[in-house]
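Novice: Structure below; questions to follow.
The values are calculated or read from the model by the stated rules, or taken from the named source; none is laboratory data. Keep in mind that what you see is a predicted model, and the values were worked out from it rather than measured. Cβ atoms come from the backbone with ideal geometry, glycine included; neighbour counts cover every protein chain shown. Surface areas here come from the heavy atoms of the whole protein model, side chains and all, with no ligands, DNA or RNA. Shrake-Rupley method; radii C 1.70, N 1.55, O 1.52, S 1.80 Å.
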Amino acid sequence: MYKHPEQRVGVFIDTANMYHSAKNLFGDNVNFGNILTEAVGGRRLLRAIAYAINSKSEEENAFFDALEKQGFEVKQKDLQIFSSGMKKADWDVGIAMDAIKMADRLDAVVIVSGDGDFIPLVTYLQESKGCLVEVAAFGETTSSRLIEHADEFLNLSDDLGKFLIGSKKRGRK
């Protein structure tokens, strides 16, 4: 896909999805700064939003501060704990609403998540708003249907040294 410097880009990161994918697959942390750089690809960044779950731990504040220093607007939502003990932490609707609200001012929307629940959003942005929709995520935990619907897919697993912090899997590019 051709990318040119005049394209206006919005990047929407599902941090929980990415964090858990990296931990479960590789036992590592995500390098969100490098993902942002790659997602923008030399184009005009209008907004970069990282959606995070706040479970009130000390490490989270440092993580949120680091995201802000890398150029992200951080939106936080408290972890919900139900009387049954079940926990819920989900930003899907918030990400979708923000992408839709900003779509008229964007040429390209980059969704950083492998969650197949974003397929209706991808289709809507393409068909109703005329946006290019790119997805960036680890291929092993990305919905194959999401990949099919996206205009472009960046498989972060193809360069673990770039997209993970302190990658133990350096042998894989």
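Novice: As a check on your grasp of the helix formula, calculate [θ] at 222 nm for the chain: sum -39500 (n - 2.57) over DSSP H runs of n ≥ 4, divide by the residue count, round to the nearest 500.
Specialist: -10500 deg cm²/dmol
Novice: Continuing with this model, one more query. Of Lys56/Lys162; Lys101/Lys129; Lys69/Lys129; Lys77/Lys129; Lys3/Lys23; Lys23/Lys162, which pairs sit farther than 20 Å apart, going by alpha carbon to alpha carbon?
Specialist: Working: Lys56/Lys162 29 Å; Lys101/Lys129 10 Å; Lys69/Lys129 31 Å; Lys77/Lys129 28 Å; Lys3/Lys23 31 Å; Lys23/Lys162 16 Å.
Violating the 20 Å limit, Cα to Cα: Lys56/Lys162; Lys69/Lys129; Lys77/Lys129; Lys3/Lys23.
Novice: I'd like the carbon and sulfur percentage of the solvent accessible area for the chain, probe radius 1.4 Å, heavy atoms only, ligands and nucleic acids excluded.
Specialist: 49
Novice: Expressed as a rounded percentage, what relative contact order does the chain have, with Cα pairs under 8 Å and six or more residues apart?
Specialist: 26
Novice: Counting only heavy atoms of protein chains, what accessible area per residue, in Å², does the chain have with a probe of 1.4 Å?
Specialist: So the chain comes to 51 Å² accessible per residue, rounded to a whole number.
Novice: Choose one of Ser113, Ile147, Ala22: the residue whose Cα lies farthest towards the positive end of the charge dipole of the chain (beta-carbon charges +1 Lys, Arg; -1 Asp, Glu; about the Cα centre).
Specialist: Result: Ala22.
Novice: Which of Met102, Leu125, Ile35 sits farthest toward the positive end of the charge dipole of the chain, with +1 on the Cβ of Lys and Arg and -1 on the Cβ of Asp and Glu?
Specialist: Positive-most Cα among the choices belongs to Ile35.
Novice: Normalising by the residue count of region 8-96, find the relative contact order in percent from Cα pairs under 8 Å and 6+ residues apart.
Specialist: It rounds to 31 percent for region 8-96.
Novice: So how do 112-118, 43-49 stack up, highest first, on mean other-Cβ count within 10 Å?
Specialist: Descending packing order for the listed peptides: 112-118, 43-49.
Novice: Taking amide H atoms as placed 1.01 Å from N in the peptide plane, list the residues 5 or more away in sequence, or in a different chain, whose amide H sits under 5 Å from that of Asn29.
Specialist: Here Ile165 satisfy the definition.
Novice: Can you pull the semi-axes for region 1-150, root of five times each eigenvalue of the Cα gyration tensor, sorted largest first, whole Å?
Specialist: 25, 17, 15
Novice: In whole Å, largest first, what are the principal axis extents of the Cα atoms in region 94-173?
Specialist: Its Cα atoms span 42, 23, 20 Å along the three principal axes.
Novice: Additional query: Taking region 49-132, how much of its Cα-Cα pair set, in percent, is spaced more than 14 angstrom apart?
Specialist: Numbers: 2407 of 3486 pairs.
Roughly 69 percent, rounded to a whole number.
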